[in-house]
Amino acid sequence: MRKFISLIMCVLFVMSIACTQAEATQAPIKVLHVGDSLTYNSMWTAMPQYIKAGYQVTMRGIPGSALSIPNPKQNNVVWVDYMRSLMGVYKPDVLVVELGTNDAIRGFSTATYKARVRDVLLMAGNTPVYWVNVMTCTRWGNISGGGAIINTTLSTMAWRYTNLLVVDVK
């Protein structure tokens, strides 16, 4: 299932930004892909897809992490700070974010999640952000309530923030 999700996400991503590459001789588009265990576990399937499509990709996944809920087992990663440091190092043309599933599983504050998404979008500036939404039925059970709230939040925010594009993996 994870391979299928990764493949779909990569195909959607490649299709959605292919038109931004003006010439074949242009330097490869640099992609920074960050997220939770879904990103971590899909590195081995997603990265070859990115490379095959001609992208220069850096993937960072932290299992168990959530955007709005600190996880002591993961050094209480503050994602916006972590992304800021990664963007400073890798200087990506595109940021792909895959965070929200653990928020939906553990319970979260909608206001806090929305604020963290906003922080990421403002931190990214003019860099396009492709945010992968949350599957509402996972192997951990049905997270449709929290997942639906996260997906609605992301879709609503895409109308306000011009650098946000939501990738639907339903």
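The values are calculated or read from the model by the stated rules, or taken from the named source; none is laboratory data. Just so it is clear, the model here is predicted, and its values are computed rather than measured. As a convention, Cβ positions derive from the backbone with ideal geometry for all residues, glycine included, and neighbour counts pool all protein chains shown. In case anyone asks, the SASA skips ligands and DNA or RNA and just uses the protein heavy atoms, side chains included. Shrake-Rupley method; radii C 1.70, N 1.55, O 1.52, S 1.80 Å.
Looking across region 87-117 at every residue that is touching a helix residue (DSSP H, G or I) at 6+ places or on another chain (Cβ under 8 Å) and on the phi > 0 side of the Ramachandran plot, the one that is modelled with the highest pLDDT is identified as Gly100. Just one of the numbered conditions (1) modelled with pLDDT of 90 or more; (2) under 23 Å from Tyr50 (Cβ atoms); (3) open to solvent by less than 10 Å² (accessible area, probe 1.4 Å) is not true of Trp79; which one? Of (1) modelled with pLDDT of 90 or more; (2) under 23 Å from Tyr50 (Cβ atoms); (3) open to solvent by less than 10 Å² (accessible area, probe 1.4 Å), only one is false for Trp79: (1). Within region 92-123, if we keep just the residues that are open to solvent by 10 Å² or more (accessible area, probe 1.4 Å) and of a type in the set (Gly, Ala, Ser), the residue that is nearest to Ala46 (Cα to Cα) turns out to be Ala104. Checking each residue of region 134-156 against the condition of being under 23 Å from Gln56 (Cβ atoms), touching a residue at least 40 places away in the same chain (Cβ under 8 Å), buried (at least 16 other Cβ atoms within 10 Å of the Cβ) and under 15 Å from the mean Cα position of the chain (by Cα) gives no match.
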